[in-house]
1. With the structure loaded, tell me whether A90 is under 15 Å from H23 (Cα atoms) and surrounded by 18 or more Cβ atoms within 10 Å (Cβ to Cβ) or whether it fails that test.
2. Identify all residues within the range 93-115 that are in contact with a Leu (Cβ under 9 Å, 6 or more places away or on another chain) and either in a helix (DSSP H, G or I) or surrounded by 18 or more Cβ atoms within 10 Å (Cβ to Cβ) (or both); write none if there are none.
3. Identify, please: which residue in the range 37-68 is of a type outside the set (S, T, N, Q) and surrounded by 13 or more Cβ atoms within 10 Å (Cβ to Cβ) and is, among those, farthest from L126 (Cα to Cα)?
4. Take the residues in the range 1-32 that are over 20 Å from L116 (Cβ atoms) and part of a helix (DSSP H, G or I); name whichever of them is modelled with the highest pLDDT.
5. Quick check: is even one residue across the range 91-99 among the acidic types (D, E), touching a residue at least 12 places away in the same chain (Cβ under 8 Å), out of contact with any helix residue (DSSP H, G or I) (no Cβ under 9 Å at 6 or more places or on another chain) and closer than 20 Å to H139 by Cα?
6. If you go through the range 116-143, how many residues are under 14 Å from the mean Cα position of the chain (by Cα) and outside any helix (DSSP H, G or I)?
7. Within the range 45-61, is there a residue that is touching a residue at least 12 places away in the same chain (Cβ under 8 Å), of a type in the set (F, W, Y) and assigned to a helix (DSSP H, G or I)?
Amino acid sequence: MEDPAQGIAPVIYCDAPVAMPAHRLIAAAVDASMVLLALGGFLGIFYLSGGQIELSRQNAPFFAGVVILLALFYRMLWCLGNGDTPGMRAMGLRLVDFDGRRPDRDQRGMRQLAALLSVVSAGLGLVWALVDEENLTWHDHISKTFPTIG
């Protein structure tokens with residue numbers, strides 16, 4: 001499948017193996033636990049400052065928004081810091097581009113936007129890794145980066 005704008009097909013040129021979906025899933029679970037810890041901190045401060053922690057129809061969108069904002073903030077911290085997340089480090093993964101180099105901030109930013117697309121499309125961009133020949137997700141293909149062991 002060729003990219004008509006470039007005239008070439010996006011291909012991985014480095015010898016680094018793509019991380020298995022199971023490794024990526026565990027790394028994502030570690031990162032999600034970090035977001036949940038931040039949510040616990042937020043709720044603790046909210047409660048100590050006099051707020052009522054009670055999930056109802058009226059305040060569910062507020063709490064959902066807090067979770068989404070914390071997750072986006074967490075992801076952007078690692079993107080702007082130009083580093084791998086604690087989940088990736090815990091699984092021994094590192095992010096590389098298709099040439100095997102460490103991605104720059106722009107590539108990491110593109111990856112975050114593309115990951116958002118992968119998630120909001122009912123998760124199809126993530127499930128794509130299970131049927132892709134190289135186990136790449138949509139955001140891997142779009143940003144031309146992928147996690148590898150090492």
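1. So A90 does not fit the description; no.
2. Of everything in the range 93-115, those that are in contact with a Leu (Cβ under 9 Å, 6 or more places away or on another chain) and either in a helix (DSSP H, G or I) or surrounded by 18 or more Cβ atoms within 10 Å (Cβ to Cβ) (or both) turn out to be P103, R105, Q107, R108, G109, R111, Q112, A115.
3. Residue satisfying both the conditions and the ranking: F46.
4. Ranking the qualifying residues of the range 1-32, first place goes to I26.
5. Within the range 91-99, one or more residues are among the acidic types (D, E), touching a residue at least 12 places away in the same chain (Cβ under 8 Å), out of contact with any helix residue (DSSP H, G or I) (no Cβ under 9 Å at 6 or more places or on another chain) and closer than 20 Å to H139 by Cα.
6. Going through the range 116-143 one residue at a time, the tally reaches 3.
7. Pass one, the range 45-61, residues touching a residue at least 12 places away in the same chain (Cβ under 8 Å): none.
No: the range 45-61 contains no residue that is touching a residue at least 12 places away in the same chain (Cβ under 8 Å), of a type in the set (F, W, Y) and assigned to a helix (DSSP H, G or I).
The values are calculated or read from the model by the stated rules, or taken from the named source; none is laboratory data. Since this is a predicted model, take the numbers as computed values, not measurements. Note: ideal-geometry Cβ built from the backbone for every residue, glycine included; neighbour counts use all protein chains shown.
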